[in-house]
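K.L.:
One structure coming up, written as structure tokens, with questions to follow.
The values are calculated or read from the model by the stated rules, or taken from the named source; none is laboratory data. What you see is a predicted model, and the numbers here were worked out from it, not measured in a lab. FYI the Cβ positions are ideal-geometry reconstructions off the backbone, even for glycines, and counts take in every protein chain you see. We work out accessible area using only protein heavy atoms, side chains counted, and drop any ligands, DNA or RNA first. Shrake-Rupley method; radii C 1.70, N 1.55, O 1.52, S 1.80 Å.
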Amino acid sequence: MNSSTKSSAKTPADYINQLEEPRKSEIAELNNLIRATVPKLKPFMQSGMLAYGKYRFRYASGREGDWMVIGLASQKNYISLYICCILADTGQYLAEQYKDKLPKASIGKSCIRFKHLGDADEQVIKEILKKAEKLGGMSAV
């Protein structure tokens, strides 16, 4: 699998094994970091990417579903780390709080994108992961 193809992998191990180097090693290393930092967030596959920890959400419309707390994807130009958490007191997305601490990353509402794993400060990533685990997802019910 090249790094721009949405994966049809059935397991996290299959996802990683289908990647080409050097991305394969970087995703494997980040997967290991996530699993060691937040071991209660069990890995699984969702929407063609690695996912960690499920939470139940409910929209105002009444629609409900399950989603991941953290997601990890190898994309064509980036490694994308999805942090699906909002701070209840401010309504701000958790990832947005780290723009200054991750200057080499492109940060959107819930996505932290970097070209290479070395562009991300490991201690900052660990801090984000621990906060995400504690928050338990966006609009969790």
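K.L.:
Counting residues that are over 20 Å from A28 (Cβ atoms), which strands (runs of 3 or more DSSP E) fully inside the range 39-136 reach at least 2?
P.N.:
49-58, 64-74
K.L.:
Within the range 110-141, can you find the residues that are surrounded by fewer than 18 Cβ atoms within 10 Å (Cβ to Cβ) and more than 17 Å from C84 (Cα to Cα)?
P.N.:
Those that are surrounded by fewer than 18 Cβ atoms within 10 Å (Cβ to Cβ) and more than 17 Å from C84 (Cα to Cα): K115, H116, G118, D119, D121, E122, Q123.
K.L.:
I would also like to ask the following. Residue by residue through the range 50-109, note down the ones that are open to solvent by 70 Å² or more (accessible area, probe 1.4 Å) and of a type in the set (D, E).
P.N.:
E64, D66, D89, D100
K.L.:
Is it the case that the range 15-23 has a residue that's touching a residue at least 60 places away in the same chain (Cβ under 8 Å) and in contact with a strand residue (DSSP E or B) (Cβ under 9 Å, 6 or more places away or on another chain)?
P.N.:
no
K.L.:
Scan the range 54-69 for residues that are among the hydrophobic types (A, V, I, L, M, F, W, C) and either out of contact with any helix residue (DSSP H, G or I) (no Cβ under 6 Å at 6 or more places or on another chain) or more than 25 Å from V38 (Cα to Cα) (or both) and jot them down.
P.N.:
F57, A60, W67, M68
K.L.:
Only one of (1) under 22 Å from C111 (Cβ atoms); (2) open to solvent by 60 Å² or more (accessible area, probe 1.4 Å) fails for E21. Which number is that?
P.N.:
For E21, the exception is condition (1).
K.L.:
Of all residues being small (G, A, S) and within 13 Å of the chain's Cα centre (by Cα) in the range 29-49, which is most open to solvent (accessible area, probe 1.4 Å)? Just the residue, please.
P.N.:
If we take residues in the range 29-49 being small (G, A, S) and within 13 Å of the chain's Cα centre (by Cα), then S47 is most open to solvent (accessible area, probe 1.4 Å).
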